[in-house]
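Participant: One structure, pasted below without further comment.
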Amino acid sequence: MNEYMLIFRNQKPEADKTPSAEQMQAVMKHWQTWIGGLAKQGKYSGTNRLLSEGKTVKPNKVVSDGPFMEAKEMVGGYVICKARSIDEAVELAQSCPNLQYGGNVEIRPVMVIDYDTGSEKFLQEIVQA
């Protein structure tokens, strides 16, 4: 079984359109139900939500505040799922709550790196690269 990252993109929220506590609770319930369904099928590997603050590092040691983009979309989080093919991962993404709220889901295969990053061999290869 392969792993795929489902990347959740949404429109940047407008400052004056903050959802109510009840609305946020309903949204979270949708997400919990969807992720729980993936877990019950043995298709869930992990997830995290990405917060809006951060830094961006660019060439020549340029560091800017925030993960800001020119576009109106932002990445809000991701799920790592297990699927036999990218088509099956697409099928899993079809029921993602992000689609109900105007967002979209980008699906990317994950390349597994079979190194023990704590091993001496791995560290030597990195230093020699």
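The values are calculated or read from the model by the stated rules, or taken from the named source; none is laboratory data. Here the structure is a predicted model, which means the values were calculated and not measured. Every residue, glycine among them, receives a Cβ derived from its backbone with ideal geometry; neighbour counts consider all protein chains shown. We work out accessible area using only protein heavy atoms, side chains counted, and drop any ligands, DNA or RNA first. Shrake-Rupley method; radii C 1.70, N 1.55, O 1.52, S 1.80 Å.
Participant: If Lys and Arg each add +1 and Asp and Glu each add -1, what is the summed charge of the other residues whose beta carbon sits under 13 Å from the beta carbon of R84?
Facilitator: Taking every other residue near R84 into account, the sum is -2.
Participant: Moving on. With θ set to phi - 60° and the Karplus curve 6.51 cos²θ - 1.76 cosθ + 1.60, what are the ³J(HN,Hα) couplings of the range 45-56 in order, to the nearest whole Hz, using x for Gly and Pro?
Facilitator: 10, x, 7, 7, 9, 9, 7, 7, 7, x, 9, 10
Participant: Here's another thing I want to ask about it. Could you count how many Lys pairs in the chain have their Cα atoms under 18 Å apart, skipping same-chain pairs fewer than 8 positions apart?
Facilitator: 7
Participant: Convex hull over the Cα atoms of the chain, averaged projected area in nm²?
Facilitator: 11.1 nm²
Participant: If you add up the charges near V27, with Lys and Arg at +1 and Asp and Glu at -1, over every other residue whose beta carbon is less than 15 angstrom from its beta carbon, what do you get?
Facilitator: Residues near V27 contribute +2 overall.
Participant: Follow-up. Could you sort M28, M111, M74 by their accessible area in this structure, using a 1.4 Å probe and putting the largest first?
Facilitator: Correct descending sequence by accessible area is M111, M28, M74.
Participant: Could I ask something else about it? So, with a 1.4 angstrom probe, what is the percent of accessible area on the chain that is carbon and sulfur?
Facilitator: 55 percent
Participant: Over all distinct alpha-carbon pairs, what is the Kirkwood Rh of the range 5-58 in angstrom?
Facilitator: Computed over Cα pairs of the range 5-58, the Kirkwood hydrodynamic radius comes out at 13.9 Å.
Participant: Got a sec? What order do S85, S52 fall in by accessible area at 1.4 Å, biggest, i.e. largest, first?
Facilitator: My answer, sorted largest first, is S52, S85.
Participant: Run lengths n ≥ 4 of DSSP H only: what is the helix-derived mean residue ellipticity at 222 nm for the chain, with -39500 (n - 2.57) per run over all residues, to the nearest 500?
Facilitator: Helices in the chain give a 222 nm mean residue ellipticity of -9500 deg cm²/dmol.
Participant: Averaged per residue, what accessible surface does the range 38-110 expose to a 1.4 Å probe, in Å²?
Facilitator: The answer is 70 Å² per residue.
Participant: Can you sort Y4, Y44 by 1.4 Å-probe accessible area, starting with the largest?
Facilitator: Y44, Y4
Participant: Could you give the length gained on full extension between S95 and K61, defined as 0.36 nm per residue of separation minus the Cα-Cα distance, in nm?
Facilitator: 8.1 nm
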